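A.B. asks: Here's a structure for you.
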Amino acid sequence: MKIPKNGVIFSILTVLFLSPLAADAADPILREYSVPAGSHPHDVTPAVDGGVWYTAQHKGELGYLDPRSGKTRHIPLGKNSAPHGVILGSDGSPWITDSGLNAIVRVDPKTDKVRTYPLPIELNVNLNTSAFDKNGTLWFTGQNGYYGRLEPATGKVDVFKAPRGRGPYGICTAPDGSVWYASLAGSYIARIDTKTGETTVI
């Protein structure tokens, strides 16, 4: 974030572009792009058209950056939104973990239509990140001590308590199709059984 002389705060999204030529060079190519003031970009994911999706956490919006022109546009996600992670689905749509809405959010990249998949209202999950498994199920973490899954075809959401309470944060799918998450506060990694939802702490 840069603070100009006039005191106005602008958000900066820094994107690192590496090409085969740049990878062999002494220095990578680094460009910075201004985004709307107060956006507080959190996570990014590449769009299928060469653009970049990013979560504008403080604005409750999903941002899109065109690296060629430097132009951005924002899509409001709903009242009280506080988006954290964003990943790309197999259909090219961005999927967002939104802690403010306590929901998983999908945005249609062609129409900007927003669809929300709420978690049980009695659970304060604090959603963080997500990953698709090889069957198309979306798995997600909640730093308040939860992890869960969403079946996009049906909209069914299941939430599980993490074995050691607070901390589930990063999550990914391994090449063999297994799903793993890291607990930031718990200081462990765990493998999720994608059939039963149970975890094995490593």
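A.B. asks: So which of PRO83, PRO76 ends up being modelled with pLDDT of 95 or more, under 30 Å from LYS134 (Cβ atoms) and not hydrophobic (A, V, I, L, M, F, W, C)?
C.D. replies: So the residue among PRO83, PRO76 that is modelled with pLDDT of 95 or more, under 30 Å from LYS134 (Cβ atoms) and not hydrophobic (A, V, I, L, M, F, W, C) is PRO83.
A.B. asks: Looking at VAL52, VAL35, which is the one that is of a type in the set (Val, Ile, Thr), over 22 Å from ILE171 (Cα atoms) and in contact with a Pro (Cβ under 7 Å, 6 or more places away or on another chain)?
C.D. replies: VAL35
A.B. asks: Give the residues of the range 163-176 that are open to solvent by 10 Å² or more (accessible area, probe 1.4 Å) and touching a residue at least 12 places away in the same chain (Cβ under 8 Å), sorted by residue number.
C.D. replies: Selection gives PRO163, ARG164, GLY165, ARG166, TYR169, GLY170, ILE171, CYS172, THR173.
A.B. asks: In this structure, does THR111 turn out to be open to solvent by 50 Å² or more (accessible area, probe 1.4 Å) and under 20 Å from PHE160 (Cα atoms)?
C.D. replies: Considered against the rule, which asks whether it is open to solvent by 50 Å² or more (accessible area, probe 1.4 Å) and under 20 Å from PHE160 (Cα atoms), THR111 comes out as no.
A.B. asks: Among the numbered criteria (1) open to solvent by less than 30 Å² (accessible area, probe 1.4 Å); (2) on the phi < 0 side of the Ramachandran plot, which one does ALA153 miss?
C.D. replies: The one condition ALA153 does not meet is (1).
A.B. asks: Now for a separate question. When the residues of the range 177-202 are narrowed to those that are more than 14 Å from PHE140 (Cα to Cα) and of a type in the set (S, T, N, Q), which ends up surrounded by the most Cβ atoms within 10 Å (Cβ to Cβ)?
C.D. replies: My answer is THR200.
A.B. asks: Let me ask something else about it. If you scan the range 117-127, which residues turn out to be touching a Leu at 6+ places or on another chain (Cβ under 8 Å) and either of a type in the set (A, V, I, L, M, F, W, C) or open to solvent by 60 Å² or more (accessible area, probe 1.4 Å) (or both)?
C.D. replies: Within the range 117-127, PRO118, LEU119, VAL125, LEU127 meet the criteria.
The values are calculated or read from the model by the stated rules, or taken from the named source; none is laboratory data. Please read all numbers here as calculations on a predicted model, not as lab measurements. Virtual Cβ from ideal backbone geometry, glycine too; neighbours counted across all protein chains shown. Ligands, DNA and RNA are stripped out before the accessible areas are found, and what is left, the full protein with its side chains, is counted by its heavy atoms. Shrake-Rupley method; radii C 1.70, N 1.55, O 1.52, S 1.80 Å.
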